[in-house]
Amino acid sequence: MLSIYNTLTKQKEEFKPINPPNVNMYVCGPTVYDYFHIGNARSFIMADIIRRYLEYKNYKVKYVMNLTDVDDKIIKKSIQENKEAKSVAEDFVKAFFEDINKLKIKPADIYPKATEHMNDITKLIEELEDKGFAYNVDGNVFYDVSKFKDYGKLSGKKIDDLESGARIEINEEKKNPLDFSLWKKAKPGEPFWSSRWGNGRPGWHIECSAMSCKHLGETFDIHAGGNDLIFPHHENEIAQSEAANGKKFVNYWIHFGFLNINDEKMSKSLGNFFTARDIVKKYSPEAVRLSFAQTNYAGPLNFSEELLSSAEKGLEKLRNLADKTNEELKNKSKDGIFPEFDFARYEKNFEAAMDDDFNTPQASAVIFDFAREVNKAAAENASLHFEFYQSVKSFLGKTAEEVLGILDLSDQSQLSGNSIENELIELLIKLRAEAKIEKNFKLSDKIRDSLKEIGIILQDSKDRTTFKKNKP
Ligand SMILES: [Zn+2]
């Protein structure tokens, strides 16, 4: 039984999808005005692991992540860089896809863009206005928070307390300081769309309400995002969607904790700001994923170079085991024994951890335990039957590779589809062997070192040379 901590009810609940085996899941995506930072990467990766685990449990997940491609921040950047807002958004949409691909995040089924859903968005605002939840002040439309009696139910904030707080932006057009923009009147030079209130563009919150409803229905299973989105973004999404549809918006709300850098809040002014792009230049995507998985998704995570280095070191053990397993599977040795080994127990433990509100620290510990025990069995026996290694590969494939995304089990010696590339490497290996026979060691070393420079590692064994590609 899978249980999930639900921010809305503040307790762990058994997960019951509306229409099993289908699960509809929405995750707030980026505003595309810059490269996303490592804190965003944490949310995207943990949401990806949750989605992968639901798929492991044979749910059919429809995964939607929005792209906010019209926003104040995009407009600001476009003015700074003297570009069109549209081209700023396009550049960073492209960068976003490059980065999630590097981080091995499985693509969503749909990436709706705000600019491509203007009709859905304006229709929803019209509905809110017609039902008395929104008011128009000279082309600016606001949500009237006082009309929605459940306002604050997600964040646990009370309207009265919020109003006395000084952190809310004062705007003379609003009836109540908590009211928020649904439609913003166009200012000169800004991108705009037409509407019954005149030319303008939507507020951020309404985009998620309109696009999630369009692609996942009025009520759907899971909505996830960073902790910082609980208030006001997700609170406002609930207010908009439930007021318009008269139905519960989302059954399970999942929120990811903050990420600090060396115990300090990450910020550009402190000079400890990292984009995901910076980090994957130095560390493998698997190490980034493992360092996140080793902390509970909801708690704070203290990010540091040591954390990544130690994840990288831990992964080396899994990678060595994967290489050995691939090697043994090629040899297909039937001579060895199949030792007593409780594969089912490891699988059960992995599932028990993940079923408990996606306890990824515990789940990764099970995988490392497993690797240790396999290595012990290999050390204790002269040789093991290849079917034993088939089971090893199957366990690692299902857990470390498919769910956590921290291991690549493809045979590194035969990597990546490009066969001409592989044939050329084999040709160089042959030439190097000939050079060795002719005792031309200067040439044979040069071939080995030059290949290494471009990330291809030759491994000599008794009777042959294989190669391995370091991942880009
Ligand atoms: Zn959102």
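The values are calculated or read from the model by the stated rules, or taken from the named source; none is laboratory data. Keep in mind that this is a model prediction, so the values were computed, not measured. Backbone-built Cβ (ideal geometry, glycine too); neighbour counts: all protein chains shown. With ligands, DNA and RNA removed, areas are computed over all heavy atoms of the protein, side chains included. Shrake-Rupley method; radii C 1.70, N 1.55, O 1.52, S 1.80 Å.
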Worksheet item: Out of all the residues in the range 412-432, which are modelled with pLDDT under 90, open to solvent by less than 80 Å² (accessible area, probe 1.4 Å) and out of contact with any Phe, Trp or Tyr (no Cβ under 8 Å at 6 or more places or on another chain)?
Response: GLN412, LEU415, SER416, ASN418, SER419, GLU421, ASN422
Worksheet item: Somewhere in the range 42-53, is a residue within 30 Å of ASP356 (Cα to Cα), at pLDDT 95 or above, in a helix (DSSP H, G or I) and in contact with an Asp or Glu (Cβ under 8 Å, 6 or more places away or on another chain)?
Response: yes
Response to the item:
From the option list SER155, SER78, single residue qualifying as open to solvent by less than 40 Å² (accessible area, probe 1.4 Å) and under 24 Å from the mean Cα position of the chain (by Cα) is SER155
Practice prompt. Would you tally the residues in the range 180-216 being of a type outside the set (D, E, K, R) and within 16 Å of the ligand (Cβ to nearest atom)?
Written response: 16
Fill in: Residues of the range 352-385 classified as modelled with pLDDT of 95 or more, part of a strand (DSSP E or B) and more than 30 Å from TYR252 (Cα to Cα), total
0
Worksheet item: Is it fair to say LYS62 is more than 16 Å from the ligand (Cβ to nearest atom) and either outside any helix (DSSP H, G or I) or out of contact with any Phe, Trp or Tyr (no Cβ under 6 Å at 6 or more places or on another chain) (or both)?
Response: yes
Worksheet item: Among TYR111, TYR26, TYR35, which is the only one that is touching a residue at least 40 places away in the same chain (Cβ under 8 Å), surrounded by fewer than 20 Cβ atoms within 10 Å (Cβ to Cβ) and within 16 Å of the ligand (Cβ to nearest atom)?
Response: TYR111
Worksheet item: Does the range 81-91 contain at least one residue that is hydroxyl-bearing (Ser, Thr, Tyr), free of Cβ contacts under 8 Å to residues at least 60 places away in the same chain and open to solvent by less than 60 Å² (accessible area, probe 1.4 Å)?
Response: yes
Worksheet item: What about ASN236, is it over 21 Å from the mean Cα position of the chain (by Cα), touching a residue at least 40 places away in the same chain (Cβ under 8 Å) and within 13 Å of the ligand (Cβ to nearest atom)?
Response: yes
Worksheet item: Which of (1) under 30 Å from ALA298 (Cα atoms); (2) open to solvent by 70 Å² or more (accessible area, probe 1.4 Å); (3) not basic (Lys, Arg) is the odd one out, the single condition ALA379 does not satisfy?
Response: (1)
Discussion item. Looking at the structure I just gave you, is LEU182 modelled with pLDDT of 95 or more, under 30 Å from PHE15 (Cα atoms) and of a type outside the set (Lys, Arg)?
Written reply: no
Worksheet item: Quick check: anything in the range 184-191 closer than 24 Å to TRP253 by Cα and either in the same structural domain as GLY226 (by TED's automatic domain parsing) or under 34 Å from the mean Cα position of the chain (by Cα) (or both)?
Response: no
Practice prompt. Pick out the one residue from PHE192, PHE220 that is modelled with pLDDT of 95 or more and farther than 20 Å from ASP71 by Cβ.
Written response: PHE220
Worksheet item: Which helices (runs of 4 or more DSSP H) does the range 238-331 wholly contain that include 1 or more residues that are of a type in the set (Val, Ile, Thr) and open to solvent by 10 Å² or more (accessible area, probe 1.4 Å)?
Response: 276-282
Worksheet entry | Residue check for GLU90: away from the ligand (no atom under 16 Å from the Cβ), among the acidic types (Asp, Glu) and not assigned by TED's automatic domain parsing to the domain that holds LYS187 | no
Discussion item. Kindly evaluate TYR35 against the criterion of being within 28 Å of LEU290 (Cα to Cα), in contact with a Ser or Thr (Cβ under 7 Å, 6 or more places away or on another chain) and at pLDDT 95 or above.
Written reply: yes
Worksheet entry | Residue tally, condition of a type outside the set (S, T, N, Q) and touching a strand residue (DSSP E or B) at 6+ places or on another chain (Cβ under 7 Å), over the range 212-264 | 24
